Amino acid sequence: MNTPSHNVHEYTVSEISQALKRTVEEQFEYVRVRGEISGFKRAASGHLYFSLKDEKSVLNSICWRGVASKLPFAPEDGLEVIATGKLSTYPGRSNYQLIAEFMEPAGIGALMALLEKRKQQLAKEGLFDENRKRPLPYLPEVIGVVTSPTGAVIRDILHRITDRFPVRVLVWPVLVQGEGAAEQVAAAIAGFNAMPKRPDVLIVARGGGSLEDLWAFNEEIVVRAAAASEIPLISAVGHETDTTLIDYAADQRAPTPTAAAEMAVPVKSDLLYTVQDHGLRMHSLLSRRLEHAGTRLSGLARGLISPRTMLETMVQRLDDWSERLGAALPAYFQQCTQMLALASSRLQPTPLQQAVRRYETQLAERGTQLNGALTRQLSRQEERLGALSRLLESYHYQKVLARGFVLVRDSADQLITRAANMPQNARLSLEFHDGRQIVTSGDTPPSSATKTPGNTTSGASKLGKQIPGTKKPGRVTSQGSLFE
C-alpha cells in the first residue's frame with residue numbers, strides 16, 4: 001500500500017476554489033454561447049438568473065441588473081439567444097456559470113417566434129380589438145408627433161403637413177432604436193395624454209430598418225401605452241412592408257410617416273375648392289327656388305281680388321248696416337216695451353192668492369192623511385210587539401218548570417242532562433217552579449234513565465238524603481213527585 005507523500009502542498013477549500021475561479025476566468029475571459037433560455041427568473045434586485053441549454057448540457061447564467069436594463073428584448077423561457085460574456089465559478093456551490101454582458105436573439109427566427117407569442121398574448125387581452133379603435137378627427141388643430149428630432153422622418157411629416165393644411169405641430173423627441181427607446185416612446189405617448197390641452201391626434205413615427213432596429217415598437221410597454229391613449233393615434237413605423245405590434249394597437253396604421261401626415265390633415269386647396277363648389281351650388285339652388293317662388297306668387301296674385309275692391313265693398317256694406325241699425329233700434333225698443341206691458345198685465349194678485357189657498361187646502365188634506373196612516377202603522381206595530389212578547393214569555397224555562405219539570409244541577413251548579421253523568425254520593429240542587437231543594441244522590445245510580453207512563457224520573461237516581469217534609473228517603477221524578 002502506497003502512503004501519500006507529506007511534502008505535497010495542502011490547499012484549503014477556499015484556496016482551491018479561488019485557484020479554480022482564476023483559472024476559469026483567465027481561460028474563458030470572453031466567450032459567445034448559443035443556447036435556449038430555461039428557468040428564467042428576475043430577482044427583486046433586477047438581476048436575471050437563468051440557464052442556457054442544448055440537447056446535452058446546461059450552463060448556469062447570470063445577467064446583472066445594469067446589463068439587463070440595456071437588453072434590446074425581454075428574455076423569457078424557450079427563447080434561443082446568443083450570450084456574450086465570461087465564465088466564472090461560484091465557490092458557494094462549487095459550480096461554474098456564465099456572466100452575460102450582452103444577449104441577442106439567435107437569428108431572425110427567434111425574434112419572429114417571440115414576436116408572434118407576444119402578439120397572441122396581447123391579442124387575448126383585447127388590445128387589438130377593432131371595436132375599441134376611434135376615428136381620426138377630420139381637421140385637427142394640433143398634432144403631436146413622437147419621433148426622433150433628427151433625421152428625415154420629422155422633416156417629411158412637417159413638410160407634408162405644411163403642404164396639405166398648415167396646423168400646429170408638437171414634437172416629443174425620443175430615441176427610436178436601442179437602449180431605452182421603448183421606455184421613451186411609451187413615456188411620450190402618456191405625456192401627450194397628460195397635457196392640459198392635448199393634441200387632437202398623435203403620430204408615432206420611425207423610418208425603415210431591420211427587425212432588430214424596429215424592436216422597440218414591439219415591446220409590451222409601447223403597445224400598452226398606445227392602446228391606453230385617449231388621443232387617436234396613427235402608427236407610422238418603418239416602410240410599407242414593415243409591421244410592428246404598435247400597428248395593431250393604434251387607431252390607424254400608415255405605411256410610411258409621409259402617409260401618416262396625409263391621414264392626419266386634409267388638403268387645404270381641395271377643401272377650399274369643395275367649399276367654393278358647395279357655395280356656388282347653394283347660390284344656384286337658392287336663385288332657382290327664389291325664381292320659382294316669385295313665379296308662383298305672381299300667379300297667385302293674379303287670381304286674387306284687388307284689395308281696393310274688397311275694401312270698397314266692405315265700406316259699402318258697413319254703411320248699409322249702419323243705416324239699418326239706426327232704423328231698427330227704435331222698432332226693437334217699441335217691441336220690448338209692448339212685451340213688458342203684456343207681462344205686467346198678467347202679474348195680478350188675485351191669481352196668486354187663489355193658487356196659495358189651493359195649495360193650503362192640499363197641504364191640510366195631505367197632513368190629515370199622514371196622521372191617519374201613522375196611527376194605523378203604530379197600532380199594527382204595537383199588536384205585533386205584544387204577540388212577540390207573549391211568545392217570548394211562553395218560551396221562558398220557568399213556564400216549563402210550572403208544568404212539572406225539574407232542573408238538576410251538581411255542586412258546581414252545572415246542569416245534569418244525562419243519567420250517565422249523575423255523580424255518586426254527591427250533593428244535587430233540584431230547581432222547582434217555586435224554589436230549590438238540596439239532595440244527595442244514591443250510592444248506585446242506574447246505568448240508564450227509565451221511562452214509565454206517568455212516572456219519568458230525572459236520571460232515575462236514588463237520593464240518599466231525606467227531603468225536608470218527608471219521613472224517609474225517597475226519589476224525585478221529573479214531575480216533582482215523591483216515591484217511597
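The values are calculated or read from the model by the stated rules, or taken from the named source; none is laboratory data. Fair warning: this is a prediction, and the values are worked out from it, not measured in the lab. A quick note on method: Cβ atoms are made from the backbone with ideal geometry, for glycine too, and the neighbour counts reach across all protein chains shown.
Quick notes on this one:
- Test: E393 is assigned to a helix (DSSP H, G or I) and in contact with a helix residue (DSSP H, G or I) (Cβ under 8 Å, 6 or more places away or on another chain): yes
- Test: V201 is under 45 Å from the mean Cα position of the chain (by Cα) and buried (at least 21 other Cβ atoms within 10 Å of the Cβ): yes
- Residue in segment 97-118 that is closer than 24 Å to N193 by Cβ and within 46 Å of the chain's Cα centre (by Cα) present: yes
- Total residues in segment 133-168, condition among the basic types (K, R) and over 20 Å from A228 (Cβ atoms): 4
- Checking each residue in segment 161-183 for being assigned to a helix (DSSP H, G or I) and crowded, with 18+ Cβ neighbours inside 10 Å picks out I161, R164, A181, A182.
- Set L127, L114, L98, L122: member being part of a loop (DSSP other than H, G, I, E, B) and among the aliphatic types (A, V, I, L, M): L127
- Residue in segment 208-226 that is over 18 Å from F73 (Cα atoms) and at pLDDT 90 or above present: yes
- Qualifying residue in segment 450-468 (condition: at positive phi and modelled with pLDDT of 85 or more): no
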